[in-house]
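For reference, the structure is listed below as structure tokens.
The values are calculated or read from the model by the stated rules, or taken from the named source; none is laboratory data. Note that the structure is predicted; figures quoted are calculated from it, not measured. Positions of Cβ are backbone-derived with ideal geometry, glycine not excepted, and every protein chain shown enters the neighbour counts. These area figures cover heavy atoms from the full protein model, side chains too; ligands, DNA and RNA do not enter into them. Shrake-Rupley method; radii C 1.70, N 1.55, O 1.52, S 1.80 Å.
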Amino acid sequence: MLRITVWNENFHEKHLPGMKERHPEGLHGTIAAILRQEEDFVVRTATQDDPECGLTEEVLNDTDVLFWWGHVTHNDVPDSVVERVHNHVLQGMGLVVLHSGHFSKIFRKVCGTPCNLTWHDDSKERLFVVNPGHPIAQGLPPYFEIPNEECYGEPFGIPEPDELVFLGWYNTGEVFRSGCCFHRCNGRIFYFQPGHETDSSFFIPEVQQIYKNAARWCAPVKRVPELTCPFQPPLEKVD
Ligand code: ZN
């Protein structure tokens with residue numbers, strides 16, 4: 001079983017007209033429902049409204065992969081929660097950061113860079129698989145289109161990705177590194193650009209396949225409970 005927690009700031013749900021129609025259970029509910037299509041995924045949700053943002057030690061210890069959707073209230077996530085999530089990522093918990101989560105505290109912390117980009121509304125996006133052998137690209141065609149997405153453009157202020165899986169092109173002329181993998185100690189991180197709150201990207205089969213593939217790729221290979229620097233006696237005696 002793969003244990004997944006889907007986290008959402010849950011702000012637009014309370015303030016943006018039309019959200020209830022598009023996402024009756026919130027963005028977290030929509031994303032969780034997609035992941036629950038996989039029989040071996042056990043999925044829970046957490047939001048910024050929960051005590052400790054719903055990300056207690058107990059929850060994170062019981063999470064293999066954390067999905068993150070945030071946009072306008074990044075700075076309201078307490079640093080103590082970000083530190084806790086960061087520790088779990090370094091120990092091996094997977095992290096999937098969606099769309100405007102590029103500016104979340106946790107993504108900027110794992111990247112160590114500003115994660116800035118350029119943007120504007122309403123473009124058609126064509127997503128190219130640039131790494132067809134990558135596990136996150138399995139089951140996908142060479143490219144697919146999203147009729148309407150918020151355009152994110154380069155330069156994207158991230159460190160050089162360890163693996164680039166998707167490159168986005170927009171019919172308004174921009175390109176963007178839309179699917180990027182990073183390794184941080186034992187943890188695997190995947191950033192995926194589509195997923196604007198008023199667009200329908202969530203309901204495109206290829207996007208849903210990518211969520212599922214990303215969960216499997218980010219799953220811990222080895223999770224260590226504590227990162228330490230133990231004394232190691234010399235292995236050989238040297239004269
Ligand atoms: Zn957006």
Cα gyration tensor shape for region 14-135, rounded if a/c is under 1.5, else prolate or oblate: rounded
Three-way shape call for region 94-143 based on the alpha-carbon gyration tensor, with the a/c threshold at 1.5: oblate
Accessible area per residue, Å², region 85-178 with all protein chains present, probe 1.4 Å: 39 Å²
Region 135-236 - charge dipole about Cα centre, Lys and Arg +1 at Cβ, Asp and Glu -1, debye rounded to 20: 520 debye
Alpha-carbon centroid distance for the pair region 153-196 / region 42-74, whole angstrom: 22 Å
Neighbour net charge for G18 - beta-carbon separation under 12 angstrom, K R +1, D E -1: -2
Computed lengthening from Q232 to D122, 0.36 nm per intervening residue step minus Cα-Cα distance: 33.9 nm
Percent accessible area from carbon and sulfur atoms, the chain, protein chains only, probe 1.4 Å: 53 percent
Highest-MSF residue in the chain out of H12, H71, H120 [GNM, Cα springs under 10 Å]: H120
Placed amide H near N10: partners under 5 Å, 5+ positions off or other chain: Q48
Among G173, G92, G29, residue whose mean-square fluctuation peaks in a GNM of the chain (springs only between Cα atoms under 10 Å): G173
Neighbourhood charge, 13 Å Cβ-Cβ cut-off, centred on W169 and excluding it, Lys, Arg +1 and Asp, Glu -1: -2
³J(HN,Hα) computed for each position of region 15-31 - Karplus, 6.51 cos²θ - 1.76 cosθ + 1.60, integer Hz, glycine/proline x: 10, 9, x, x, 5, 4, 6, 6, 9, x, 9, x, 4, 5, x, 5, 5
